[in-house]
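Inspection log for the structure reproduced underneath, given as structure tokens.
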Amino acid sequence: MIGLISYLVFFSTVAAILSIAVLGLNLQWGNSGLFNGGVVAFFGAGAYGTLILGGTSQAGHLGGYELFYPLALLGGMAAAGLMAWIVGLLTIRLRHDYLAISTFGVAVAFENLMRNAEGLAGGAQGLRGFERPLHAWLGDGFIYNACFLVFVLVLLIATYKFLEVLIRSPFGRLLRAIREDETAARSLGKDSARIRLTSLIIGSVIIGLSGGLYATFYAFISPQDVLPILTFQIWAMLIVGGAGNNRGAVAGAFLIWAAWTASGWGLSRFAPLEMQLYTGSIQFILIGLVIVGMLLWRPQGLFPEKLVVSQSGRPKSEINRE
Amino acid sequence: MIQHLVDGILVGSILSLGAIGLTMAMHMLRFANFSHAELLSIGAYCALVFDGVFKAIYAPLAAAIGPLSLTWALALAIVISMGITGGSAILIDRLVFRRVRAKGGELSMVFASFGVAMIIRNVLGLMFGLQVQLYSKDIVFAVVLSQDPFLLVKPDQIFSLVAALIIMFVFHLVLSRTTFGYSLRAVAENPELAQVSGISLIRMITLIWIIGGGLAAAAGVFYGLTNQVNPVLGRDLLLPIFAATIVGGIGSIYGAALGGFLVGIASNLALLILPSGYSPAMPFLIIIVVLILRPTGLFGEERH
């Protein structure tokens, strides 16, 4: 029983961390129509940033500033935002393919840099030597994991609330206006490039937060954690949940993460021995089929975006009478 | 230095072949097709299969041509593979892209192409195994072309370069001398106006997939011939091919051809300064430099 509960805690923690990344992507793709092909790079920037800033000092590479944990986490988020700012500045005014290709390129380059630059982040061996915050008080066991889950859930709810307020604000309306018809928005004097860039950065900072939490949870990050498959998983979560709908995004994250871990467990348990080498391939095909299948048969996702009329054309008095 | 330059040109010709098809599809269908590089893998594996088939049917075909490791069987297999890969490209379009297109949303196409790439890559891995395969187990020694500067080139590399150049030249003749070429350029220029003049858009899209698939297959086989065949071949070449289209300007066929060579040369020259571990990241640096200096690429037009 306690085994099951502690597994559920573990599962929910990872799913909740990934939900935060899906929420960030939802702001970019669901609300602004920005295609981020390198989610994992911003996730990785948050993760590496947090560990480098908050870790104990290590021989041979950068890091070990032992910053107060919340500051380290903020630093990781800032690193993700900075990366988004640079990529966005170069591509946001161009055809949308450029952003897709460049963000994809950032992810390839980021993974490559982390794998090779040993002086920067430990190379292929990854970053160790991070003390989990409040480790001394809460120990290492179940209590710690339960408290960490609560911490992640609080941040997930805070992110959710923040985004709900943001997309209901004039800024959110502007984002959707640009997504639907950029020319029309520009004809009203809106600086569409700046608004889109802002959305890209905010979304990436949120994805960076997710990465920072992920690295904190494992107290370790390596190039193996920032492979392109994570980008696909996060997309599949958003597409299944329903782009444009934050609740759908969170639901999609839990659903896909459950399906992913269940399929991994099932394959490792029931696949014949000679097929074990290929279970990864089978899982990748499944996630590819989920993405393509959803786009073909239910592009709006399981929980579609509710289109809202921000302001009714009728005079206020008439609405009040109803 | 010279060695890097020559290697860059050799790799560049392969990238050019891939980039030409990609830039056409991107221009016509308005989406970044992340599954295009998987067509190179399909082509490479297809040639591997037919190479074996031809050798089994008629043993003398297993003889190597001159100093190359390329056999007559493989040479025939390349032609078959170009056809089949072109057919696969159409099939993928019918099964996925056309339907997603009909539902609207250019960006959904990008997602779909990622999904398709994932499926193709891993299905190939399941079918042919994750291990590296070679067209020929014979060891072909590189030939020393000159002692000073020291220059080593494999005969297969020369063959790939010449064959790629011939294919591109033939395609150039088709574009500039035939009615089909005119129609293609007309559709690229202005789809509505081209349709008014009686050019069928659907037929043009089909042709673009055939040509793009065929060129990609040739590129895949040439890559396999000069390096090796494995299921992640497409994944590894995706970013360099994208970089080539951006260098040339998205939509420009001649730009893509030139862009391929430039990316190949630049990536190889960079190895003079950077450790070779960084070479997968080189195309990204090239993309960034182009976006800073000249976002529209060499021959691209301003279009949002």
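Coordinate-derived values only; no laboratory data. Just so you know, these numbers come straight off a predicted model, no measurement behind them. Don't worry about glycine lacking a Cβ; one is built from the backbone with ideal geometry, like all the others, and counts go over all protein chains shown.
Observations on the model:
- For the stretch B:78-141 versus the stretch A:148-209, the gap between their alpha-carbon centres in whole angstrom: 35 Å
- Span from the the stretch B:251-286 Cα centroid across to the the stretch B:2-71 one, whole angstrom: 18 Å
- Per-residue ellipticity at 222 nm from helix content only, as computed over chain A with -39500 (n - 2.57) for each DSSP H run of at least four residues, stands at -23500 deg cm²/dmol.
- In this simple spin-label model, placing a label point 7 Å from the Cα along the Cα-to-Cβ direction at both B:T179 and A:L89 gives a separation of 5.3 nm.
- Histogrammed with a bin width of 10 Å, the alpha carbon distances of the stretch B:1-86 distribute as 16, 33, 32, 17, 2 percent, first bin at zero.
- The shape of chain A comes out prolate: with a ≥ b ≥ c from the C-alpha gyration tensor, a/c is at least 1.5 and a/b beats b/c.
- Efficiency of FRET between A:S57 and B:I57 - r from beta-carbon atoms, R0 51 angstrom, step 0.05: 0.15
- Distance (nanometres) between label positions extended 7 Å along Cα→Cβ at A:M1 and A:A184: 5.9 nm
- Average other protein chain Cβ within 10 Å of Cβ, residues A:287-299: 6
- Within the protein assembly as shown: Cβ-based charge dipole about Cα centre, in debye rounded to nearest 20 (Lys, Arg +1; Asp, Glu -1): 1560 debye
- Modelled spin labels at A:F68 and A:A262, positioned 7 Å past Cα toward Cβ, are 4.4 nm from each other.
- Between the Cα long axis of helix B:72-92 and the first principal axis of chain B there is an angle of about 20°, rounded to the nearest 10.
- For the stretch A:249-298, the spread of Cα positions along each principal axis, largest first, Å: 36, 21, 11
- Amide H contacts under 5 Å for B:L152: B:L145, restricted to partners 5 or more places along the chain or on a different chain, H placed in the peptide plane at 1.01 Å from N.
- Gyration tensor (alpha-carbon) shape descriptor, the stretch B:199-291, a/c threshold 1.5: oblate
- With Rh defined as the Kirkwood radius, the inverse of the mean 1/r over Cα pairs, the Rg/Rh of the stretch A:27-136 is 1.04.
- Helices in chain B, meaning DSSP H runs of at least 4 residues, each add -39500 (n - 2.57). Divided by all residues, the mean residue ellipticity at 222 nm is -23500 deg cm²/dmol.
- Size descriptors for chain B: radius of gyration and Dmax over Cα atoms are 19.1, 60 Å.
- In range of the label at A:R194: residues from the stretch A:85-108 whose backbone nitrogen is under 20 Å from the point 7 Å along Cα→Cβ: A:85-94
- Calculated FRET value between B:I273 and A:E118, using beta carbons and R₀ = 25 Å, to 0.05: 0.90
- Rounded to the nearest angstrom and listed largest first, the equivalent-ellipsoid semi-axes of the stretch B:65-212 from its Cα gyration tensor are 37, 24, 14.
- Cα gyration tensor shape of the stretch B:142-253, rounded if a/c is under 1.5, else prolate or oblate by comparing a/b with b/c: prolate
- Compared with the dominant Cα axis of chain B, that is its longest principal axis, helix B:2-29 is turned about 30°.
- Put the Cα centre of the stretch A:48-86 next to the Cα centre of the stretch A:239-302 and the gap is 31 Å.
- A:L289-B:L201 FRET efficiency (beta carbon distance; Förster radius 25 Å; 0.05 resolution): 0.30
- P(r) tail fraction, the stretch A:135-291 - alpha-carbon pairs more than 20 Å apart, %: 64 percent
- 3J(HN,Hα) along the stretch A:247-254, derived from phi through the Karplus expression 6.51 cos²θ - 1.76 cosθ + 1.60 where θ = phi - 60°, amounts to 5, x, 4, 5, 4, x, 4, 5 Hz, with x in place of Gly and Pro.
- Hydrodynamic radius (Kirkwood) for the protein assembly as shown, which is based on Cα pairs only, to one decimal in Å: 25.9 Å
- Peptide A:83-96 has a mean of 3 when you count, residue by residue, the C-beta atoms of other protein chains within 10 Å of its C-beta.
- Between the Cα long axis of helix A:69-91 and the first principal axis of chain A there is an angle of about 50°, rounded to the nearest 10.
- Once Rg and the Kirkwood radius are both taken over the C-alpha atoms of the stretch A:1-84, their ratio Rg/Rh works out to 1.08.
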